[in-house]
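Only one structure is covered here, and it is reproduced in the block below.
None of the figures in this text is laboratory data; all of them are computed from the coordinates on show. As the structure is a prediction and not an experimental result, all values here were calculated from the model. For neighbour counting, all protein chains shown are included, and Cβ atoms are generated from backbone atoms with ideal geometry for every residue, glycine included.
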Amino acid sequence: MTDTYIQTGLTDVPDERGYYGEFGGRFVPETIIPALDELESEYKKAIADPNFHREFAHLQKTYTGRPTPVSYAKRLSEQLGGAQIYFKREDLAHTGAHKINNALGQALLAKRMGKQRIIAETGAGQHGVASATASAMLGLDCIVYMGEVDMERQKPNVFRMKLMGAEVRGVSSGSRTLKDAINEAMRDWVTNVRDTFYLLGSALGPHPYPMMVRDFQSVIGVEARVQIVEMAGRLPDTIIACVGGGSNAIGIFHAFRDDDDVELIGVEAAGYGLDSGKHAARFSDPKVSRLGVLQGTRSYVMQDDDGQIIETHSISAGLDYASVGPEHAYLRSMERAFYTAATDAEALAAFRTLSEMEGIIPALESAHAVAEVIKRAPTMPKDKVILVNLSGRGDKDLDTVIRELGDSL
Ligand SMILES: *Cc1c(COP(=O)(O)O)cnc(C)c1O
């Protein structure tokens, strides 16, 4: 198997200023610029240092459990009657999702920079848990900002973070959810920048975060590219991944960027349906899809006619966000990647189908990608190959699914 755990380069984006075409950049208060400059230069030094690669690779193998396998979904492929379906199993990584790849990479970088204090913000708690995990293992202090409403909704994750020694700081301002937690984390960073590392959870935020997160997640595609060739005898025709901020999708897309015959498909959350207005389809709903700035980066942001950020909805917390990573906006503008959406109902149906047909209970986020496979595979000939990134496992979503499906099982 490969020893490449951080794939840099391959493309000419971002440019020196952190732009992916017209997307990306750094839209932050002046006071944060020196911290971003320091982060960028230390990151570049780290990835030029074989020791950093070696330590990261060692932990990915012995702690995270990489490489994660690729599984052939024989029964699902037969039932759908079209393309052959393969899953990249990020659900089998330690903590049950891909987020650990990035959390571990950034925490190692923090340690290398001599920053003992990690701060993170979290909505549903998945990124908080990944940050707390990596911090515990490396002996770093971890503070996670979380809206009080989210803390109430996500008690098990709050408990997990505390168990691993993290301090969870409830945020009581604004709507007491993710965007308020982000504001608090930013405020903390400005105040404590000398000893503090801001560990950002998706391919979002000001440069260099989208690039760094992509590189730390690129291991997904690097592994999958070798594995699918071994198993299917060739590259896939289509790759499908769900898109919240965009980290698992960019992580699997990256290694295939230059393979022009490989079609890249991202799936957003269509919530109650695009017409309902209650969704998180930043690309797919032209009524609310506007260029804007959120959390320090320029990309598509769901906004009303007055430029106000629209409240999003998805059954899956990880896809429930008003903006999307700038590199996805760029890939879409070049028609290198295409984006579609799946509703809550379609994701729930896919959640059941994958559980029944393959014995894999997917995260509700990942179930959006599975929903797209269920639509697409039957339209493709049997000799075609689809590779799906299964970003996480569904144990965390059982309460939601029990509420939704209830007695219908
Ligand atoms: C957080 C999360 C996502 C969405 O985040 P991306 O950055 O878009 O990958 C998807 N799947 C799972 C399992 C998650 O925890």
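Observations on the model:
- Note on the chain: GNM, Cα springs under 10 Å; of Met161, Met212, Met231, the largest mean-square fluctuation is that of Met231.
- For the chain, modelled as a GNM whose springs connect Cα atoms under 10 angstrom apart, the maximal fluctuation among Ala97, Ala377, Ala369 occurs at Ala377.
- Stretching Arg352 away from Glu22 to a fully extended chain increases their span by 114.8 nm, per 0.36 nm per residue minus the current alpha-carbon distance.
- Gained length - Glu30 relative to Arg187, 0.36 nm times residue gap less alpha-carbon distance: 55.2 nm
- Glu230/Glu55 FRET efficiency (R0 35 Å; Cβ-Cβ; nearest 0.05): 0.80
- Relative contact order [Cα under 8 Å, 6+ residues apart], the chain, whole percent: 20
- Entry note, the stretch 46-124: relative contact order of 23 percent, from Cα contacts under 8 Å with a spacing of 6+ residues.
- Qualifying GluC sites (Glu not before Pro) in the stretch 1-61, DSSP loop, other Cβ atoms within 10 Å at most 15: Glu16, Glu22
- Gyration tensor (alpha-carbon) shape descriptor, the stretch 334-388, a/c threshold 1.5: oblate
- Gyration tensor (alpha-carbon) shape descriptor, the stretch 165-210, a/c threshold 1.5: oblate
- Value of relative contact order over the stretch 235-364, rounded to a whole percent, pairs C-alpha under 8 Å and six or more apart: 26
- Binned Cα-Cα distances of the stretch 199-275, short to long, each 5 Å bin given as a whole percent: 3, 16, 22, 22, 16, 11, 7, 2, 0
- Full extension of the segment from Lys44 to Leu138, taken as 0.36 nm per residue of separation minus the current Cα-Cα distance, would add 31.7 nm.
- q = 0.13 Å⁻¹: log10 I(q)/I(0) that the Debye formula gives for the stretch 6-158, counting C-alpha atoms only: -0.81
- Shape category assigned to the chain from the gyration tensor of Cα positions, a/c cut at 1.5: rounded
- Taking amide H as placed 1.01 Å from N in the peptide plane, the amide H of Leu294 sits under 5 Å from that of Ser299, each at least 5 places away or on another chain.
- Residue (of His254, Met334, Ala130) at the positive-pole extreme of the chain, dipole from beta-carbon charges: Ala130
- For the residue pairs Lys99/Lys384; Lys45/Lys111; Lys99/Lys155; Lys111/Lys162; Lys45/Lys115, the alpha carbons lie more than 24 Å apart in Lys99/Lys384.
- Among Leu274, Leu390, Leu163, residue whose mean-square fluctuation peaks in a GNM of the chain (springs only between Cα atoms under 10 Å): Leu163
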